[in-house]
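Read through the structure below, which is laid out as structure tokens, and then see the notes.
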Amino acid sequence: DYFLTLGDIYLITNRTRYTKQALQKAISIDKSNQEAHMKLAELYLYVEMRQDALNELNEVLRINKNNPKGYYLKGIIYKEGGDTALAISSFLTTTEQDPNYALAYEQLGLIYAAKHDPRCIDFYNNVLKINPSSTQTRYNIGYFYQTHGELEKALEIYKEISVKDPKFANAPYNIGFILFEYQNKPA
């Protein structure tokens, strides 16, 4: 516990070398300490040492194959590395381990939206079932509709966002953009 806490303190103060040393010391004391392995994996992810992060996450999953955060972080690493197939697989496994892991559904929505695949809406709707107040997720749905020519649906969502979260500036901006485009299109 001491070395985990020390690692947290070093991380907060941006002393990553010392963070690594403290976490490695915790692991040397207890090789099956999932928390230490997970924190070390997160540290490696922060400093973009993806393979080292994957190695630590594999160790976490060897200790506990049902750890949703381990699969989620693997998905992030694969996504950042450009391997969307492995990212999708990892995020889906995350949701199998924890059906309420909203961040995994959000990532799946983003990947499918980038592929112009309407299944992204299903993933975004899963996020909204878990977190109904997620303005960003609603916006993502509206933006998908907007970029795929379903402007009425997009406007409806943007108007709903503008009422529920008036400080979210992208929704009224996109309403204005769509209306401007509608009015200035030749018949």
Put E156, E80 in order of accessible area, largest first, 1.4 Å probe: what do you get? E156, E80
For the chain, what are Rg and Dmax over the alpha carbons, in angstrom? 20.6, 73
Ordering R17, R119 by how much accessible area each has at a 1.4 Å probe, largest first, what is the list? R17, R119
Using a 10 angstrom cutoff on alpha carbons, build the Gaussian network for the chain and name the most mobile of N126, N14, N55. N14
Let me have the relative contact order for segment 4-128, percent, based on Cα pairs under 8 Å that are six or more residues apart. 13 percent
Modelled label-to-label distance, E156 and I130, 7 Å Cα→beta-carbon offset: nm? 2.6 nm
Could you order Y158, Y143 by accessible surface area, starting with the largest, using a probe radius of 1.4 Å? Y143, Y158
Cβ-Cβ FRET estimate between N55 and I9, R0 fixed at 25 Å, reported to 0.05: 0.55
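Mind checking segment 32-126 for chymotrypsin sites (Phe, Trp or Tyr not before Pro) that DSSP puts in a loop (not H, G, I, E or B) and that have at most 13 other Cβ atoms within 10 Å?
On the way: sites: Y44, Y46, Y71, Y72, Y78, F91, Y101, Y105, Y112, F123, Y124; in loops: Y101.
Hits after loop and neighbour filter: nothing returned.
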Return the carbon/sulfur percentage of the accessible area of the chain, one whole number, probe 1.4 Å, all protein chains in place. 52 percent
Who wins for biggest fluctuation among I130, I27, I12 in a Gaussian network model of the chain, springs between alpha carbons below 10 Å? I12
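Please report the equivalent ellipsoid semi-axes of segment 1-110, computed as sqrt(5 x eigenvalue) of the Cα gyration tensor, largest first, in whole Å. Numbers along the way, then the final one.
Values: eigenvalues 125, 44, 27 Å².
Taking √(5λ) for each eigenvalue gives 25, 15, 12 Å, largest first.
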Checking the a/c ratio against 1.5 first, then a/b against b/c, what shape does the Cα gyration tensor give for segment 75-131? oblate
Which pairs, out of K79/K159; K39/K167; K69/K115; K20/K79; K79/K129, put more than 27 Å between their alpha-carbon atoms? K79/K159; K39/K167
Rounded to the nearest whole Å², what accessible area per residue is found for the chain with the 1.4 Å probe? 58 Å²
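The values are calculated or read from the model by the stated rules, or taken from the named source; none is laboratory data. Just so it is clear, the structure is predicted and the values come from calculations on it, not from any experiment. We place every Cβ from the backbone using ideal geometry, glycine too, and count neighbours over all the protein chains shown. Surface areas here come from the heavy atoms of the whole protein model, side chains and all, with no ligands, DNA or RNA. Shrake-Rupley method; radii C 1.70, N 1.55, O 1.52, S 1.80 Å.
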